[in-house]
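K.L.:
Got a structure here, written out as structure tokens. Questions coming.
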Amino acid sequence: MATAESVVSENGCSVSTHLHWQKAADALRCSHFDEVSQMVSQFAEAKAVGIQGTTLTVAQVTAVSRRDEVMVSLDEAAARDRVAKSANWVSDRISRGIDIYGVTTGFGATSHRRTTETSDLQTELIRFLNAGVIGKEYLPKSYSKAAMLVRANTLMQGYSGIRWEILEAMAKLMNRNLIPKLPLRGTITASGDLVPLSYIAGLLTGRQNSKVVTINGEDIDGIEALKRAGIGGPFELQAKEGLALVNGTC
């Protein structure tokens, strides 16, 4: 759900804007040359990128994905509370017996079915979507890392009902350059790149088919990657978390 901001226009009137349209408008006031120059400088000078769900730029995504030394940090002060509130909201609705699509119901044509096994449903969603064409070709590592960064940033907006600990794990994996191998073919893109993103979820949950490439080009399995990143073990997805990791509209 979009939240509104109140800004003061040039004529002194208070105008309600949604999301960050005012920031976008301000950015368009500079020339294209200036904008590109700023992006190049930001890319070259980045040593660390802090994400909070609202300020990530193209240059920062490029810096993290293409420069292995650029670190990612989560802005706890800006985002942790809203992420927790979102997860608590999901738990509260389930405890009150309120149906939520993809959480207490099936997906798509099976949405008329109901379940109380909310954790199992999320696990099965990831298993079902781990259906990419596996062969010798995978997405470039930089693409996969960019996907992890953008997804983590999106989830920090606090609309998706996911635990903060999962976002921390994603940051640790990126900072150790332990990036999952995502299939080049087989994606479904109706509401997000469901199949590729499911392999990121597969790493976090320690699925047997999860493969990770290290900074040295070594292929290791997901469990070993979690261990090297200092993550205690694979996550057991809770209600809504599988859907949050793969669905661009959730």
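The values are calculated or read from the model by the stated rules, or taken from the named source; none is laboratory data. All of these numbers come straight from a predicted model, not from anything done at the bench. Heads up, the Cβs are rebuilt from the backbone with ideal geometry, glycines too, and the neighbour counts pull from every protein chain shown. The accessibility values were calculated without ligands, DNA or RNA, using every heavy atom of the protein model including side chains. Shrake-Rupley method; radii C 1.70, N 1.55, O 1.52, S 1.80 Å.
K.L.:
Enumerate the pairs (first residue in the stretch 39-60 and hydrophobic (A, V, I, L, M, F, W, C); second residue anywhere and assigned to a helix (DSSP H, G or I) and open to solvent by 50 Å² or more (accessible area, probe 1.4 Å)) with beta-carbon separation below 6 Å, excluding pairs fewer than 6 apart on the same chain, so at least 6 apart or on different chains.
P.N.:
From the stretch 39-60, the pairs are 59/39; 59/42; 59/43.
K.L.:
Which numbered condition in (1) open to solvent by 20 Å² or more (accessible area, probe 1.4 Å); (2) out of contact with any Ser or Thr (no Cβ under 6 Å at 6 or more places or on another chain) is the only one that residue 212 fails?
P.N.:
Going through (1) open to solvent by 20 Å² or more (accessible area, probe 1.4 Å); (2) out of contact with any Ser or Thr (no Cβ under 6 Å at 6 or more places or on another chain) one by one, residue 212 breaks only (1).
K.L.:
Under 8 Å by Cβ, and 6 or more places apart or on different chains, what pairs join a residue from the stretch 109-124 that is touching a residue at least 24 places away in the same chain (Cβ under 8 Å) with one that is outside any helix (DSSP H, G or I) and open to solvent by 40 Å² or more (accessible area, probe 1.4 Å)?
P.N.:
118/238; 119/236; 119/238; 121/115; 122/238; 123/236
K.L.:
Going by the structure shown, is residue 171 outside any loop (DSSP other than H, G, I, E, B), of a type outside the set (Lys, Arg) and either within 21 Å of residue 232 (Cβ to Cβ) or at pLDDT below 95 (or both)?
P.N.:
In short, yes.
K.L.:
Considering only residues that are aromatic (Phe, Trp, Tyr) and assigned to a loop (DSSP other than H, G, I, E, B), which ones fall in the stretch 190-238?
P.N.:
235
K.L.:
Go through the stretch 151-184 and report how many residues are in contact with a Phe, Trp or Tyr (Cβ under 6 Å, 6 or more places away or on another chain) and either open to solvent by 10 Å² or more (accessible area, probe 1.4 Å) or of a type in the set (Gly, Ala, Ser) (or both).
P.N.:
Qualifying residue count for the region: 2.
K.L.:
Restricting to the stretch 22-48, give me the number of residues that are open to solvent by 60 Å² or more (accessible area, probe 1.4 Å), at pLDDT below 75 and of a type outside the set (Asp, Glu).
P.N.:
Going through the stretch 22-48 one residue at a time, the tally reaches 2.
K.L.:
Among the residues that make up the stretch 137-149, is at least one of them more than 17 Å from residue 247 (Cα to Cα) and without any contact (Cβ under 8 Å) to a residue 12 or more places away in the chain?
P.N.:
For the stretch 137-149, residues more than 17 Å from residue 247 (Cα to Cα) and without any contact (Cβ under 8 Å) to a residue 12 or more places away in the chain: present.
K.L.:
In addition: Take the stretch 54-78 and flag every residue that is more than 21 Å from residue 35 (Cβ to Cβ), of a type in the set (Gly, Ala, Ser) and in contact with a strand residue (DSSP E or B) (Cβ under 8 Å, 6 or more places away or on another chain).
P.N.:
Passing the criteria: only 73.
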